[in-house]
Amino acid sequence: MPERMRQPSVWWGAMMICGTVVGAGMFTLPVVMAGAWFGWSLLLLAFSWGAMLLSGLLFMQVSVQYPSGAGYDTITRDLLGRGWARVNGLSILFVLGILTYAYISASGPVYQHSLNQLGVPFSVGATKIILTLCVAAVVCLGTREVSRLVTGCVLVKIVLLLLLFGGLLMQINAPSLFTSPPTGDRYWPYALGVLPFCLASFGYHGNITGLVRYYRRHRGKLTQALTLGTVLSLALYVFWLTCTMGNVPRSAFPQIVQQGGDIAALMSALGANQTSSGAKIMLSLFSHFAVIASFLGVTAGLFDFVRDRLGWGDSLSARLKTAAVTFLPPLMASLFWPDGFVAAIGFAGLFATLWAVICPALLARKAAQRFMSMPRAKPAIVLVLLFGGLNILAWLLTWLDWLPVFGQTR
């Protein structure tokens, strides 16, 4: 009977995926991709988009084999055993917990500054607490409410992005995007180091089980939502890389890195009216909506995992307890150790490769052996595992300091 009920629109799920994926971190992409430059960056983004979409679709196909409400931990424990479930669960908790901690830490000063300008004298700590409570309340309500709020944030982000940087498309220097590197230099040696950033740019897998429940296990709607959400994210990244790399020469990026590599340094290099009060207001609004959209998407995924792992059910009291476990540890960490994020984030990419790439492929292989209705997708599984292996290799080589860094001499 529930399967015959009218399905929610694909639009809501796609916007939730896009809102989770595209955050303020997109501004760092031109900086980290400057060494590989435009052609390699587009190729790596497209390859990563395809591999991450395939891994998401594989996990979705596995998820719909289980009753609505079954989460990542339940599925992994059933198909791969308790050992894999523990390792995978720890990786999910680490990555999504670190990201939640990062969003609380980053958004506190941003929103506190805005509130103080409006005459509301909140401290950074009080702002973090209030913002976390607001996000927790929305996440407690469920995927439907989160998707609607995230949709609004995404639409505002797109409008602000076009208003801020759309004019740069008319000024791009197309030859510089495809020019050969200077004599004695190459683009490809920097390509492997970019791959983990591309993986992180399409991380949405924590939201899949929530969407499976939201769409009542309807494969067609889920496939369309995942595809549309990731395609829109890819289009936004291509737009941003074209605007920046088409207006700032590659030779200028080492100086941008020396200035901190942040959006202020990039805006200065773009000459995009960084002193204009209107541009500053729009950039501030963009950062507000970008942070809150990704904050909601990431914590919704963490909430679903915690709910499934602890098995507390879906009653109001159970959801409140799940919200406390989801939000209190990262909030307390942000209040007492606001600068500890950098020490841990270096390992987040490695753990994200495990639960967002490798584990979905292994689950799909195992599920294909057990369930008759599970599609056989051996080529997709092989491609996803290859992508995961390349990311682990890139992480290890970066950790060992064996990959070149653009703008630095050895």
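The values are calculated or read from the model by the stated rules, or taken from the named source; none is laboratory data. Since this is a predicted model, take the numbers as computed values, not measurements. Note: ideal-geometry Cβ built from the backbone for every residue, glycine included; neighbour counts use all protein chains shown. We work out accessible area using only protein heavy atoms, side chains counted, and drop any ligands, DNA or RNA first. Shrake-Rupley method; radii C 1.70, N 1.55, O 1.52, S 1.80 Å.
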Any hit, the range 173-187, residues being under 30 Å from ALA51 (Cβ atoms), under 20 Å from the mean Cα position of the chain (by Cα) and either in a helix (DSSP H, G or I) or polar (S, T, N, Q) (or both): no
Members of the range 172-215 that are of a type in the set (D, E, K, R) and either crowded, with 17+ Cβ neighbours inside 10 Å or modelled with pLDDT of 90 or more (or both): ARG213
Scope the range 93-115; condition open to solvent by 60 Å² or more (accessible area, probe 1.4 Å) and at pLDDT 85 or above; matching residues: LEU93, PHE94
So LEU79, is it in a helix (DSSP H, G or I), under 21 Å from VAL382 (Cα atoms) and open to solvent by 50 Å² or more (accessible area, probe 1.4 Å): no
Residue match in the range 211-218 (condition: under 17 Å from VAL32 (Cα atoms) and outside any helix (DSSP H, G or I)): no
Pairs, first touching a residue at least 60 places away in the same chain (Cβ under 8 Å) in the range 51-75, second of a type in the set (S, T, N, Q) and in a helix (DSSP H, G or I), C-beta under 6 Å, six or more apart: LEU53/THR230; SER63/THR209; GLY71/THR209; TYR72/THR209
ALA85 being part of a loop (DSSP other than H, G, I, E, B) and buried (at least 19 other Cβ atoms within 10 Å of the Cβ): no
Among the residues listed as GLY56, GLY35, GLY13, GLY19, the single one being open to solvent by less than 10 Å² (accessible area, probe 1.4 Å), touching a helix residue (DSSP H, G or I) at 6+ places or on another chain (Cβ under 6 Å) and modelled with pLDDT of 95 or more: GLY56
Residue count, the range 297-324 (criterion: crowded, with 16+ Cβ neighbours inside 10 Å, hydrophobic (A, V, I, L, M, F, W, C) and either in a helix (DSSP H, G or I) or under 21 Å from the mean Cα position of the chain (by Cα) (or both)): 7
